[in-house]
Amino acid sequence: MTSESGSDVDLLATEQARVDLADLDQRSPGEIVDVVLAAEAAVPAVLRGARDAIAAAVSLVERALDCGGRLVYVGAGTPGRLAAMDAAECPPTFGIEPERILAITAGGNVAIGSAVEDSEDDADAAVTSLTAIDTGAGDVIVGISASGRTPYVLAGLATGRSAGAETIAIVNNVCSPAHDLADVVVELSTGPEVIAGSTRLAAGTAQKMALDAISTAAMVRLGRTCGPWMVDVAATNEKLRRRARRLIREIAGVSDAEAVAALDAAGWHPKTALVSVLAGVDAATARARLDAHGGRVREAIGAA
């Protein structure tokens, strides 16, 4: 897979310059901020237009994770860094194993903290990375690319598909090559950027919002929350332990002392403590009920 065609890239909506901003460099700080904020304010409407596609992506991710598969993000540059952030934040928030949500980024880990711009053209590296983690049926691959034609991302989608994985593309331009490699295409047409071609701006914001919606909704569907409470949170520091105590108090209507006692008995696993309190059973029974009901609190509470 070769690098992107220059003439094709020149025609992309995200590469176009806004003629109304020809004097941008002569404007005051406040005026420039107004321009940037106005562009960002238009992003939620773009996401609402892609609502059905985002929901379809959620269903694919839910099914993969519920059946023991993995969610694997593939991205280069800003999309890769956004993907790495989402993959890193899901385990502490939702208690899912880190190896179940992965981010494969062009340029490797060094690209998460600094730019490695030429790595996005290295399609072979994507193939190697996905092969190394034994991508296959049961996994879902999410390729993120503003242009929809980044060689690294296209190769990742193609490799995942050929291995039997389901595929999702998140793009910011219409009718891109990624469409032909994805089971679900989330098309976020954010248009020209305030700085032409700088897709870390509105396009990046839209990508981040889409990733938030997909991973969060999938985790909720998998029973890793109870209502709005993150009952699978890993209580690994004082702030998170306070959060665990608070959610037990708020959901179960018990005192702080009772919440702490339940959490202590459950090894500070909030979900187990919650079922223990609400079902009136010991921590071991609560844990067994959760295991029998796919970790879903409501079903575990109602189990005989």
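The values are calculated or read from the model by the stated rules, or taken from the named source; none is laboratory data. If you're wondering where the values come from, they're calculated on a predicted model, not measured in any experiment. For neighbour counting, all protein chains shown are included, and Cβ atoms are generated from backbone atoms with ideal geometry for every residue, glycine included. Ligands, DNA and RNA are excluded from the accessible area calculation, which covers all protein heavy atoms including side chains. Shrake-Rupley method; radii C 1.70, N 1.55, O 1.52, S 1.80 Å.
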### the range 1-92 pair-distance distribution - Cα-Cα, 10 Å bins, rounded %
11, 25, 34, 22, 7, 1
### Query
Where only protein heavy atoms count, and the probe is 1.4 Å, what is the accessible area per residue for the chain in Å²?
45 Å²
### Query
Pairing the Cα long axis of helix 270-279 with the longest principal axis of the chain, what angle in degrees results, from 0 to 90 and rounded to the nearest 10?
40 degrees
## Note on the structure
The answer for Val231, listing residues at least 5 apart or on another chain whose modeled amide H is closer than 5 Å to its amide H, is Cys226
### Task
Calculate what fraction, in whole %, of the accessible area of the chain sits on carbon and sulfur atoms when a 1.4 Å probe is rolled over the protein chains.
54 percent
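By how many nm would the segment from Asp291 to Lys239 lengthen if fully extended, with 0.36 nm per residue of separation less the alpha-carbon distance?
16.0 nm
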### Message
Compute the angle between helix 283-292 and the longest alpha-carbon principal axis of the chain, please, reported from 0 to 90 degrees and rounded to the nearest 10.
### Response
50 degrees
#### Entry: Phi to ³J(HN,Hα) by Karplus 6.51 cos²θ - 1.76 cosθ + 1.60 over the range 240-256, Hz, x for Gly, Pro
6, 5, 5, 4, 4, 4, 5, 5, 5, 4, 5, 6, 8, x, 10, 6, 5
### Query
Per-residue HN-Hα couplings for the range 50-55, Karplus 6.51 cos²θ - 1.76 cosθ + 1.60 at θ = phi - 60°, whole Hz, x for Gly and Pro?
9, 3, 5, 5, 5, 4
### Task
Choose one answer from Thr93, Thr236, Thr225: the residue with the largest mean-square fluctuation in a GNM of the chain with alpha-carbon springs under 10 Å.
Thr236
### Message
Using the Karplus curve 6.51 cos²θ - 1.76 cosθ + 1.60 with θ = phi - 60°, what ³J(HN,Hα) values do you get for each residue of the range 132-137, in whole Hz, with x for Gly and Pro?
### Response
5, 9, 6, 4, x, 4
### Task
Pop a pseudo-label 7 angstrom from the Cα along the beta-carbon direction at both Asp282 and Asp134 and give the gap in nm to one decimal.
3.8 nm
#### Entry: Cα convex hull volume per residue for the chain (Å³)
153 Å³
### Summary
Interchain or sequence-distant (5+) residues whose placed amide H lies within less than 5 Å of the amide H of Ala103 are Tyr73
### Query
How big is the range 230-304 in terms of Cα radius of gyration and Dmax, in angstroms?
11.0, 35
### Query
If you take the C-alpha gyration tensor of the range 133-227, multiply each eigenvalue by 5 and take the square root, what semi-axes do you get, largest first, in whole Å?
23, 20, 9
### Query
If amide H atoms are built 1.01 Å from N in the plane of the peptide, which residues on other chains or at least 5 residues away come under 5 Å of the amide H of Ile170?
Gly143, Ile144, Ser145, Val186
### Task
Taking the chain as the reference, fit the longest principal axis to its C-alpha atoms, fit the long axis of helix 78-94 to the helix C-alpha atoms, and give the angle between the two in degrees, 0 to 90, nearest 10.
0 degrees
